[in-house]
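The block underneath contains the structure these notes are about, expressed in structure tokens.
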Amino acid sequence: MKRIVIIGAAGGYGAQNHSCQDAPEVIRSFDFLQQVEESGIPHHWDGIVHLRKKDADALSAVYELCLLISEKTANALKKGDFPIVIGGDHSCAIGTWSGVKSAIEGRLGLIWIDAHMDSNTYDTSPSLAIHGMPLACLLGYGEEKLTHISGAAPKLLPEDVCLIGVRSFEEGEARLLKELGVRIYFMEEIRQRGATEVMKEAVSVVKRKTTGFGISIDLDALDPMEEPGVGSPVPGGMLKDELSEALTQLRSDQEFLALEIVEYNPYLDSKFATAHAVSDLIAAIAP
């Protein structure tokens with residue numbers, strides 16, 4: 001059994017609201033991972049990555065933070081550990097998966113669980129917020145400063161990526177993913193087939209031609225009626241138990257390399273319901 005290494009990503013500069021940057025500190029300080037600890041899963045915190053220059057512009061801030069996250073995730077994998085990144089806005093994914101890719105030989109697969117596509121560029125984004133761009137960056141589209149973190153672009157090939165839970169998107173990013181042929185499981189399909197069946201199929205897709213795969217979970221994939229503490233809530237999402245059950249099939253999968261859970265906003269979290277969901281989702285994948 002691999003040791004779990006928790007990496008906090010205190011990043012909020014990729015979003016217009018910076019509140020998610022306090023997510024990892026809240027999760028750690030209030031010990032919301034107690035359930036993981038009680039299950040006997042070996043794990044430890046490898047610190048929380050903070051921005052060193054507080055007055056940096058958004059692009060520079062995201063770049064600096066992602067570079068540090070990339071180094072930590074790569075080091076964890078090289079030691080044989082299982083890194084779990086807790087953020088922070090979703091722009092930290094550029095660092096997480098650039099680091100994972102730099103640590104392995106061959107292609108990387110990725111399941112992106114999110115209410116949004118996160119595949120805009122500065123040319124297509126209405127808000128210009130970088131947390132709406134990380135998947136595009138990993139696919140090689142967008143600012144070169146971000147697409148080339150820890151190695152050349154792209155980090156991911158379209159056929160090695162699946163999105164699950166999408167229900168809110170812009171025209172430009174939808175057009176890009178359609179042209180690339182990325183498999184998207186919209187919420188309508190999840191409602192028809194069930195999250196467990198969709199996850200099973202998505203895993204088979206991202207494992208087909210890759211060395212290993214990871215999962216990036218934006219907590220806004222969950223329904224805000226149940227989990228209010230997220231950066232960009234969208235009605236009509238999955239329930240926590242539904243997603244947790246779907247994730248249990250990944251236990252002991254040796255090709256499952258890393259996990260990321262992002263966009264936790266503690267300031268919107270009624271009775272810390274969403275903080276407990278973070279713990280539940282981690283426990284679901286732990287053997």
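Only the coordinates and a few stated rules stand behind these numbers; no lab work does. Source: prediction; values computed, not measured. A quick note on method: Cβ atoms are made from the backbone with ideal geometry, for glycine too, and the neighbour counts reach across all protein chains shown.
Some observations on this one:
- Among 263-276, 241-254, the order from most to least packed when residues are scored by Cβ within 10 Å on average: 263-276, 241-254
- Environment charge at Ser168 (Cβ cut-off 10 Å; Lys +1, Arg +1, Asp -1, Glu -1): -2
- Expressed to the nearest 5 percent, the antiparallel share of DSSP beta bridges inside segment 4-285 is 5 percent.
- Mean separation of Cα contacts under 8 Å (6+ apart) over length of segment 4-285, as relative contact order %: 22 percent
- Charge dipole (Cα centre; +1 on Lys/Arg Cβ, -1 on Asp/Glu Cβ; no other charges) of segment 120-227 amounts to roughly 520 debye.
- One Cα centroid belongs to segment 25-94, the other to segment 152-194; the line between them spans 25 Å.
- Among the GluC sites (Glu not before Pro) in segment 41-145, those located in a DSSP loop and surrounded by at most 10 other Cβ atoms within 10 Å of their own Cβ are Glu105.
- Furthest towards positive pole of dipole, Ala277, His116, Ile104, structure part segment 4-285, Cβ charges: Ile104
- Among the listed pairs Lys78/Lys145; Lys2/Lys72; Lys72/Lys101; Lys207/Lys240; Lys79/Lys101, those whose Cα-Cα separation exceeds 20 Å are Lys78/Lys145; Lys207/Lys240.
- Burial ranking of peptide ranges 37-46, 167-176, 149-158 (average Cβ count within 10 Å, highest at the top): 149-158, 167-176, 37-46
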